[in-house]
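Colleague: Quick one: this structure, given as structure tokens, is what I'll be asking you about.
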Amino acid sequence: MTNSSDSIRSYRARWVVPVDGPPIDGGVVCVRGDRIHSIGTPDACAAGVFEDLGDVLLLPGLVNAHTHLELGGLRGRITSRNLWDWFDELVKLNRSPDAEIERRRAVLDGAAESIAGGATTIGDISRTGASAELLVQSPIRKVCYLELISGARTLPNDAVTLCKQFDSLRRAITQDDRLRLGISPHAPYSVTRSDLCAAIELATEHNAPLTMHFLETADEARWLHEGGGRVADYLSRYQVRRGESTPPGDVLKHLESCGALGRKMLLAHVNYVDDATIARLAASRCSVVWCPRTHSYFGHPPHRWRELLAAGVNVCLGTDSLASTPTLSMLDEMRYIQTCFPDSEPATILAMATRHGAEALAMSHAVGTLSPGKRADIIAVRWSSNGPQDPLRNLLHGTGDLVKVWIGGENVHCSPSS
Ligand SMILES: [Zn+2]
């Protein structure tokens with residue numbers, strides 16, 4: 001425990017961007033122990049060690065709300081742009097003799113790459129549970145979601161094996177602000193009704209965050225109404241218990257009847273959504289994670305993130321896995337949005353990458369803004385001397401790289417050039 005004033009470190013920057021308030025010109029962030037003590041102008045600075053970081057922007061660490069670090073070894077190795085063909089390639093590669101070693105190596109490499117790209121908190125989905133054990137070794141803050149696919153060859157493949165895995169990990173690792181276990185029933189089409197209800201019950205019992213892939217493809221949206229097509233083909237080839245996975249018709253009603261919507265579930269992708277569903281998602285207080293570069297990779301029609309936000313849905317950002325995006329950098333992700341949607345508000349992009357992500361992962365008490373009392377998860381991004389003078393536009397239009405990253409007050413990354 002560090003309480004004395006001499007343990008306070010104050011960092012001055014060209015701009016401090018707290019996210020829950022306006023940017024502060026020449027501002028200071030004071031850190032005591034693992035928490036933010038105060039922010040403001042240098043005259044309000046607490047006693048202790050003072051460091052002038054020069055021409056940088058100081059922001060809260062970014063939140064990558066949807067990734068699969070276990071798939072990191074597949075970067076650039078899958079060529080299909082149709083999700084179902086992509087999935088076939090992925091399954092084939094995942095069954096190769098070296099796959100397990102590759103998966104384990106990719107988890108920690110991916111955590112380091114995530115930090116080097118500005119993320120200090122991630123929502124990581126694990127197919128095998130291995131990433132939760134491995135990520136204990138990384139300073140990154142994380143929700144490790146254990147993924148359930150009913151009848152899959154890899155465990156967990158039903159509610160019983162999910163409960164067992166959750167329980168053994170819960171006993172093996174200490175959960176705190178740095179690591180929380182979550183639960184991810186994979187998608188409405190790949191989890192049986194009984195497994196879905198049991199998974200949600202398990203999450204409720206342990207107050208564990210929940211996430212699910214949802215309306216990712218046009219085939220899924222069609223299958224939910226009519227059955228058949230590529231989803232039925234996927235089920236017949238990869239799932240033993242396909243007989244139970246009948247199309248539910250009204251998918252939101254299906255989720256609701258299993259108790260999912262009352263749990264503020266984080267829905268991944270939501271690429272095919274109509275106005276009525278947007279209104280219902282807003283009413284249910286679900287969050288939606290949009291993965292912009294992965295969305296483009298698969299060639300989906302424009303994502304309705306602005307309509308979702310306007311309706312009051314908490315939209316946040318993710319990279320998805322390296323099997324469908326070139327990097328795990330959230331800074332790249334934000335700049336990609338700014339390039340594709342030049343008329344979008346920089347403050348909205350930043351909010352999605354910070355505060356909204358924290359809310360979606362049930363971590364807003366600890367991270368997402370530079371606020372006194374929250375964890376000192378902070379990133380310093382180099383000011384682009386040839387970029388716009390407005391701090392947020394400079395951040396998003398610029399090419400300024402990441403200079404430093406702190407997680408819980410601890411400096412966990414310095415760029416080689418700093
Ligand atoms: Zn995913």
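Colleague: Given the structure, is residue 192 more than 16 Å from the ligand (Cβ to nearest atom), of a type in the set (Val, Ile, Thr), in the same structural domain as residue 306 (by TED's automatic domain parsing) and in contact with an Asp or Glu (Cβ under 9 Å, 6 or more places away or on another chain)?
Modeller: Working: more than 16 Å from the ligand (Cβ to nearest atom): yes; of a type in the set (Val, Ile, Thr): yes; in the same structural domain as residue 306 (by TED's automatic domain parsing): yes; in contact with an Asp or Glu (Cβ under 9 Å, 6 or more places away or on another chain): yes.
Against the criterion (more than 16 Å from the ligand (Cβ to nearest atom), of a type in the set (Val, Ile, Thr), in the same structural domain as residue 306 (by TED's automatic domain parsing) and in contact with an Asp or Glu (Cβ under 9 Å, 6 or more places away or on another chain)), residue 192 qualifies.
Colleague: Another one. State whether the residues of region 85-102 include one that is more than 24 Å from residue 142 (Cα to Cα), among the aromatic types (Phe, Trp, Tyr) and modelled with pLDDT under 85.
Modeller: Residues of region 85-102 that are more than 24 Å from residue 142 (Cα to Cα), as a first pass: 85-93, 95-98.
If we keep only those that are among the aromatic types (Phe, Trp, Tyr) too, we end up with 86-87.
If we keep only those that are modelled with pLDDT under 85 as well, we get 87.
There is at least one residue in region 85-102 that is more than 24 Å from residue 142 (Cα to Cα), among the aromatic types (Phe, Trp, Tyr) and modelled with pLDDT under 85.
Colleague: Restricting attention to region 390-409, which residues are in contact with a Phe, Trp or Tyr (Cβ under 7 Å, 6 or more places away or on another chain) and under 19 Å from residue 368 (Cα atoms)? Before the answer, list the steps.
Modeller: Quick first cut of region 390-409, residues in contact with a Phe, Trp or Tyr (Cβ under 7 Å, 6 or more places away or on another chain) only: 391, 394, 400.
Hit for region 390-409 is 391, nothing else.
Colleague: Could you check how many residues of region 59-76 are among the aliphatic types (A, V, I, L, M), within 15 Å of the ligand (Cβ to nearest atom) and within 24 Å of residue 409 (Cα to Cα)? Spell out how you get there, then give the answer.
Modeller: Restricting attention to region 59-76, the residues satisfying the condition of being among the aliphatic types (A, V, I, L, M) are 59, 62-63, 65, 69, 71, 74.
Restricting the remaining residues to those that are within 15 Å of the ligand (Cβ to nearest atom) gives 65, 69, 71, 74.
Next cut, within 24 Å of residue 409 (Cα to Cα) only: 65.
Residues meeting the conditions: 1.
Colleague: State which residue is surrounded by the fewest Cβ atoms within 10 Å (Cβ to Cβ) when the search covers only region 404-418 and only residues that are within 21 Å of residue 8 (Cβ to Cβ) and touching a residue at least 12 places away in the same chain (Cβ under 8 Å).
Modeller: The selected residue is 410.
Colleague: A follow-up question, please. In region 275-289, what residues are of a type in the set (A, V, I, L, M, F, W, C) and in a strand (DSSP E or B)? Give the derivation first.
Modeller: Initially, region 275-289 is screened for residues of a type in the set (A, V, I, L, M, F, W, C), giving 276, 278-279, 281-283, 286, 288-289.
Correct list: 288, 289.
Colleague: Quick one: would you say residue 103 is more than 16 Å from the ligand (Cβ to nearest atom), surrounded by 16 or more Cβ atoms within 10 Å (Cβ to Cβ) and at negative phi?
Modeller: no
Colleague: A follow-up question, please. Identify all residues within region 43-67 that are surrounded by fewer than 24 Cβ atoms within 10 Å (Cβ to Cβ) and within 29 Å of the chain's Cα centre (by Cα); write none if there are none.
Modeller: 53, 55, 56
Colleague: How many residues are within 15 Å of the ligand (Cβ to nearest atom) and under 17 Å from residue 356 (Cα atoms) when one looks only at region 304-324? Talk me through it step by step, then tell me what you get.
Modeller: Here is the first cut: in region 304-324, the residues within 15 Å of the ligand (Cβ to nearest atom) are 316-324.
Right, trim to under 17 Å from residue 356 (Cα atoms) and you get 316-320.
Number satisfying all stated conditions: 5.
Colleague: Of the numbered conditions (1) within 12 Å of the ligand (Cβ to nearest atom); (2) among the hydrophobic types (A, V, I, L, M, F, W, C); (3) without any contact (Cβ under 8 Å) to a residue 60 or more places away in the chain; (4) farther than 17 Å from residue 359 by Cα, residue 267 fails exactly one; give the number of that condition.
Modeller: (4)
Colleague: Taking helices (runs of 4 or more DSSP H) that do not extend beyond region 54-159, which have at least 1 residues that are among the β-branched types (Val, Ile, Thr)? Steps first, answer last, please.
Modeller: On the way: elements: 83-94, 99-116, 130-135.
The helices (runs of 4 or more DSSP H) meeting that bar are 83-94, 99-116.
Colleague: Sticking with this structure for a sec: Residue 272 fails exactly one of the following numbered conditions: (1) surrounded by 20 or more Cβ atoms within 10 Å (Cβ to Cβ); (2) in contact with a Lys or Arg (Cβ under 8 Å, 6 or more places away or on another chain); (3) of a type outside the set (Asp, Glu); (4) assigned to a loop (DSSP other than H, G, I, E, B). What is the number of that condition?
Modeller: For residue 272, the failing item is (2).
Colleague: Test of understanding: among 301, 346, which residue is touching a Lys or Arg at 6+ places or on another chain (Cβ under 8 Å), more than 15 Å from the ligand (Cβ to nearest atom) and free of Cβ contacts under 8 Å to residues at least 60 places away in the same chain? If you could, list the steps in order and put the result at the bottom.
Modeller: Details: 301 fails: touching a Lys or Arg at 6+ places or on another chain (Cβ under 8 Å).
346 is the lone residue from the list that is touching a Lys or Arg at 6+ places or on another chain (Cβ under 8 Å), more than 15 Å from the ligand (Cβ to nearest atom) and free of Cβ contacts under 8 Å to residues at least 60 places away in the same chain.
Colleague: Next up: Of (1) of a type in the set (D, E, K, R); (2) in contact with a Phe, Trp or Tyr (Cβ under 7 Å, 6 or more places away or on another chain); (3) surrounded by 22 or more Cβ atoms within 10 Å (Cβ to Cβ), residue 293 satisfies all except one. Which?
Modeller: (3)
Colleague: Starting from region 307-320, take each residue that is not assigned by TED's automatic domain parsing to the domain that holds residue 283 and list its partners that are away from the ligand (no atom under 16 Å from the Cβ), counting only C-beta distances under 9 angstrom and pairs at least six apart or across chains.
Modeller: none
Colleague: Output the residues belonging to region 270-292 that are under 25 Å from residue 124 (Cβ atoms) and either within 13 Å of the ligand (Cβ to nearest atom) or hydrophobic (A, V, I, L, M, F, W, C) (or both).
Modeller: Matches in region 270-292: 270, 271, 273, 281, 286, 288, 289, 290, 291.
Colleague: Confirm whether residue 36 is over 27 Å from residue 268 (Cβ atoms) and either assigned by TED's automatic domain parsing to the domain that holds residue 141 or in a strand (DSSP E or B) (or both).
Modeller: On the way: over 27 Å from residue 268 (Cβ atoms): yes; either assigned by TED's automatic domain parsing to the domain that holds residue 141 or in a strand (DSSP E or B) (or both): yes.
Here the answer is yes, as residue 36 does meet what is asked.
The values are calculated or read from the model by the stated rules, or taken from the named source; none is laboratory data. Since this is a predicted model, take the numbers as computed values, not measurements. Cβ sites come from the backbone with ideal geometry, for glycine too, and all protein chains shown count toward neighbours.
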